[in-house]
Every structure is written in C-alpha cells, then in structure tokens.
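Novice: Handing you a structure now.
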C-alpha cells in the first residue's frame, strides 16, 4: 500500500529544464506556416499541497521559416499550445510532460 502511495506522488512532480518544440503546418497541404505566434502555457505543480497545478508560465514565440518553434521552461508538468491565425481555425494541443524534451505539433485547417 505504501508503495502505491509513493508511486502516485512520484507521478505528480515537475520536470526540470524542459524544452517544448514543434511545427505549425497547414493541415491540408502539410506545408509549414512561418511567422505565426505560438502561445505556450506551462503548468507547474510547484509546492502544491494537494498535487494540483499551483502556478503557470506563458511564453509567446514566433515560428521560423520552416514553421518550427522552440521554447524552454525552468520546470513544468503540463503544457497547452495554442495558435491563432487569420483564415484558419484555431489550433490547440495539450500534453503532459514526462521528459525534458517534448514535441507538440499543430496542424491548422483553413476556414
């Protein structure tokens, strides 16, 4: 019983020095979309007494000419990645963080 409890606690911890990267692309053509702002919200457990997310940090980064983005956070457990671009439906992906490097790609559909 104690091992199960300790296993549960170990699952709810922040990963240190994480990198979130990905590509924003057109869902129909798979072509990268350059110069679009990507909003990444990184949720953290911090010192939460009830194992819930206690803080968050938001960064906005612009994709490069290949539609790629990359951002670093000091720690985190869960990310939301959002992209909004005129002429496209908004893109939104979420991911639990279990390792230092995670990829979150976004495909946008034309409206």
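Values quoted throughout were computed directly from the atomic coordinates according to the rules given, and no laboratory measurement underlies them. No experiment lies behind these values; they were computed from the predicted model shown. Backbone-built Cβ (ideal geometry, glycine too); neighbour counts: all protein chains shown.
Novice: Residues to consider are 64, 74; find the one that is in contact (Cβ under 8 Å) with a residue 24 or more places away in the chain, under 13 Å from residue 19 (Cα atoms) and more than 12 Å from the chain's Cα centre (by Cα). Walk me through it before giving the result.
Specialist: Numbers: 64 fails: under 13 Å from residue 19 (Cα atoms).
Result: 74 is the single residue among 64, 74 that is in contact (Cβ under 8 Å) with a residue 24 or more places away in the chain, under 13 Å from residue 19 (Cα atoms) and more than 12 Å from the chain's Cα centre (by Cα).
Novice: Of all residues in region 20-36, which are farther than 12 Å from residue 106 by Cα and surrounded by 14 or more Cβ atoms within 10 Å (Cβ to Cβ)?
Specialist: 20, the sole residue that qualifies.
Novice: Which members of region 81-100 meet the condition of being surrounded by fewer than 13 Cβ atoms within 10 Å (Cβ to Cβ) and within 21 Å of residue 53 (Cβ to Cβ)?
Specialist: 92, 94, 96, 98, 99, 100
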